[in-house]
Amino acid sequence: MDVSTPPAPQQRCDVDVPLSPTRQSASTAAPTRLVPDPWDEDLIASLLSGLLTPLSSSPSLSVCSLDVPTITPMMTVNMAEDCVRVDSVLGQGAFATVYQATNLTTCQKLTLKVQKPANPWEFYINGQLNSRVKPRARHLFTQLHCAHLFTNGSVLVGELHGCGTLLNVVNLYKCRSEKVLPQPLVLYFTVCILHMVEELHQARLIHADIKPDNFLLGDRASMRRTWTTVWF
């Protein structure tokens, strides 16, 4: 995700925008700078280093001077004060692997997102979601419980959504006789996605990586007979 403030009319676009949103009026708001690449490592590092409250002060973040431990299914790992059993692989991309895991103390189901290199920006954005998004809409976005930063990577511990992704739904229908999602279901998912994007933009956040496999179906999808209770 990337943080941005849309430029006001007749504003110059050559000055850096503050990292946190302000309540200034349009006449006194600081001009904005267009960011061509929201994934630029130098840009992200400079934004994080300029935070008034550094990420390292968060009680949900731990920093270790060792490499990321080897994580594979059916093994047990210690994450700070928690002992976690890795159950299975949920998904894998170019820079991260997501595992389903179980906290052996609380029996809570979790996800472990193992990234190389480390990605403290995602942890920062999760905190911004907590503070910026309206409470009634916070459930629309995944929640991180904590993060562990290592010298060569990071492990983000989050809540588990047990009904897969929107991409899983599309692939399931490819194996059915109709081959494609029914039109009412397509319209429903479209409305959900637009609603989520609208909530992000109202919070002055830009996702910058919207694709089907980044939309998770909440557990409510398996609790009712209709799709009206699906949440992402």
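The values are calculated or read from the model by the stated rules, or taken from the named source; none is laboratory data. Model, not experiment: these values are computed from the prediction. With ideal geometry, Cβ positions are generated from the backbone for all residues, glycine too; neighbour counts draw on all protein chains shown.
Out of region 32-57, which residues are surrounded by 15 or more Cβ atoms within 10 Å (Cβ to Cβ) and assigned to a loop (DSSP other than H, G, I, E, B)?
Thr32, Val35, Pro38
Looking only at residues that are surrounded by 19 or more Cβ atoms within 10 Å (Cβ to Cβ) and of a type in the set (Ser, Thr, Tyr) in region 143-180, which one is farthest from Asp213 (Cα to Cα)?
So, considering only residues that are surrounded by 19 or more Cβ atoms within 10 Å (Cβ to Cβ) and of a type in the set (Ser, Thr, Tyr), the one farthest from Asp213 (Cα to Cα) is Ser154.
May I ask you to list the residues in region 94-110 that are part of a loop (DSSP other than H, G, I, E, B) and surrounded by 11 or more Cβ atoms within 10 Å (Cβ to Cβ)? Talk me through it step by step, then tell me what you get.
Let us first name the residues in region 94-110 that are part of a loop (DSSP other than H, G, I, E, B), namely 94-95, 104-108.
Matches in region 94-110: Phe95, Leu104, Gln108.
Which condition from (1) within 27 Å of Ile44 (Cβ to Cβ); (2) in contact with a helix residue (DSSP H, G or I) (Cβ under 8 Å, 6 or more places away or on another chain) is the one that Gly153 breaks?
Checking Gly153 against (1) within 27 Å of Ile44 (Cβ to Cβ); (2) in contact with a helix residue (DSSP H, G or I) (Cβ under 8 Å, 6 or more places away or on another chain), the one that fails is (2).
Please verify whether region 166-173 includes one or more residues that are in a loop (DSSP other than H, G, I, E, B) and not assigned by TED's automatic domain parsing to the domain that holds Asp42. Give the steps one after another, and end with the answer.
Taking region 166-173 first, the residues in a loop (DSSP other than H, G, I, E, B) are none.
No - not one qualifying residue is present in region 166-173.
Scan region 70-91 for residues that are free of Cβ contacts under 8 Å to residues at least 24 places away in the same chain and either in a loop (DSSP other than H, G, I, E, B) or more than 15 Å from Leu110 (Cβ to Cβ) (or both) and jot them down.
Across region 70-91, the qualifying residues are Thr70, Thr72, Met74, Met75, Glu81.
Enumerate the pairs (first residue in region 121-144 and touching a residue at least 60 places away in the same chain (Cβ under 8 Å); second residue anywhere and small (Gly, Ala, Ser)) with beta-carbon separation below 7 Å, excluding pairs fewer than 6 apart on the same chain, so at least 6 apart or on different chains.
Here the result reads Phe123/Ala147; Arg132/Ala203; Val133/Ala203; Thr142/Gly158; Leu144/Gly158, each pair linking region 121-144 to a residue that is small (Gly, Ala, Ser).
Against the definition (small (Gly, Ala, Ser), in a strand (DSSP E or B) and either more than 20 Å from His195 (Cα to Cα) or at pLDDT below 95 (or both)), how does Gly158 come out, yes or no?
On the way: small (Gly, Ala, Ser): yes; in a strand (DSSP E or B): yes; either more than 20 Å from His195 (Cα to Cα) or at pLDDT below 95 (or both): yes.
Yes.
Any residue at all in region 127-147 that's farther than 30 Å from Arg204 by Cα and either in a helix (DSSP H, G or I) or among the hydrophobic types (A, V, I, L, M, F, W, C) (or both)?
Filtering region 127-147 down to residues farther than 30 Å from Arg204 by Cα leaves none.
Taking every residue of region 127-147 in turn, none turns out to be farther than 30 Å from Arg204 by Cα and either in a helix (DSSP H, G or I) or among the hydrophobic types (A, V, I, L, M, F, W, C) (or both).
Residue by residue through region 102-149, note down the ones that are within 22 Å of Gly91 (Cβ to Cβ) and touching a Pro at 6+ places or on another chain (Cβ under 8 Å).
Scanning region 102-149 gives Ala147, Leu149.
Would you call Leu185 touching a residue at least 40 places away in the same chain (Cβ under 8 Å) and more than 16 Å from the chain's Cα centre (by Cα)?
Details: touching a residue at least 40 places away in the same chain (Cβ under 8 Å): yes; more than 16 Å from the chain's Cα centre (by Cα): yes.
Spelling it out, Leu185 is indeed touching a residue at least 40 places away in the same chain (Cβ under 8 Å) and more than 16 Å from the chain's Cα centre (by Cα).
For region 205-215, check the following and say yes or no: at least one residue is modelled with pLDDT under 95, touching a Pro at 6+ places or on another chain (Cβ under 9 Å) and in a helix (DSSP H, G or I).
no
Can you confirm whether region 184-197 contains a residue that is part of a loop (DSSP other than H, G, I, E, B) and outside the structural domain of Pro36 (by TED's automatic domain parsing)? Please lay out each step first, then the result.
First, the residues of region 184-197 that are part of a loop (DSSP other than H, G, I, E, B): none.
No, because not a single residue in region 184-197 is part of a loop (DSSP other than H, G, I, E, B) and outside the structural domain of Pro36 (by TED's automatic domain parsing).
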